[in-house]
Every structure is written in structure tokens, then in C-alpha cells.
Amino acid sequence: MNERLKELAERLTEPGSKCQHLSMSEVHELSEAVLELLENPAIIDTKQVFAVIQNADGTEGRGPNYVMAVCEAESTARRLGKGKDVQGSDCGIVPTVAIRIGNQAYATPCSWLAPCRIYEPNAEDRAAERELQHQRAAEKKKHDALGRAKAAGLSDEDIKALSSND
């Protein structure tokens, strides 16, 4: 079946190709094979990406939300979504996963599946991403320290007294 599927796919990707190059039975055969691949995909890689969610109605926000962009870095997503949502507000940013499939010999090496194009971070985004990572590390360090303090028997009032700036 893989060879037949490869043959049909190659016919569809020939220069100037359109579906009229396939008979109805071949289209049906190809559709069944695609459905089978979708049921049993061979995921060869995954990565976290950030979806920029924008409302289609920029005035009142009554339209449907859609993915405006998918970015490798959260900082890129924030930059692209800044001021682009309802009445100039920032778009929502949602972490999600992109997957790369490669279950057939004819699958491209970069078959990433995500809601849309994945934007790579620019130099400014990389600097902002490093800052976000430092902030997250500091928050985790503080959270862990508070956990150890509570485990040692300190109350919330004791912790608050230690952290006050008097």
C-alpha cells in the first residue's frame, strides 16, 4: 500500500498537477490512505509553540477567535500580538504543541503540524525570551523557598514578616 500511496502522491505533486490526474477510484484510495495515516501518525518530533489568539471583530470582540500566528518563542508571540486584538488590546497567547510527522518515505523532513506558520524569534525576541526564562527561574526559586519555609514550620505571617521591607 505504501508504494501505491507514494505513486499517487507523486502524481499529485508533479508540476502543473491537479486532481484531474487521478481517477475517482484513485482519489478514494488516496483519501482512505490519508485517513489511515491520520489515525496512526508517526510523530517524529514535538516542540512547544505559542499560538497568538485574535478575535475576528476588532471593535466589539463578538467575532470568532482564531490563531493569528504560531511562534517558537513566547516573546515573538507577544510582539506579534501586541495591540492587535479587540480595541487595540493585546492578543491572547496560548502555549500549544507542534508535531512533526514522518511516517512515509515521501513525507518532507519539515512536516510540522500547527495551526499556521511558525515564526522564528528575531534577535530582540531571543533577548526577551532569555529575560522571560530568568523571570520564570526566579519565580520558581521563590516558590521553592516558600515551600521549604512552610515545610520547616513557618506560618504565612512569619514568611510575610521576613519579606517585608521595613
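Tabulated values for the structure
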read-out	value
Qualifying residue in the stretch 44-51 (condition: hydrophobic (A, V, I, L, M, F, W, C) and loosely packed, with under 13 Cβ neighbours inside 10 Å)	no
Cross-chain or 6+ apart pairs with Cβ under 7 Å, the stretch 76-91 first and within 14 Å of Gly58 (Cβ to Cβ) and in contact (Cβ under 8 Å) with a residue 12 or more places away in the chain, then small (Gly, Ala, Ser) and surrounded by 19 or more Cβ atoms within 10 Å (Cβ to Cβ)	Asp90/Gly81; Cys91/Gly81
For Ala69: the one exception among (1) out of contact with any Ser or Thr (no Cβ under 9 Å at 6 or more places or on another chain); (2) surrounded by 17 or more Cβ atoms within 10 Å (Cβ to Cβ); (3) of a type in the set (Gly, Ala, Ser)	(1)
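The numbers here are math on the coordinates, done by the rules we state, and not lab data. Owing to the predicted nature of the structure, the values given are computational and were not obtained by experimental measurement. Heads up, the Cβs are rebuilt from the backbone with ideal geometry, glycines too, and the neighbour counts pull from every protein chain shown.
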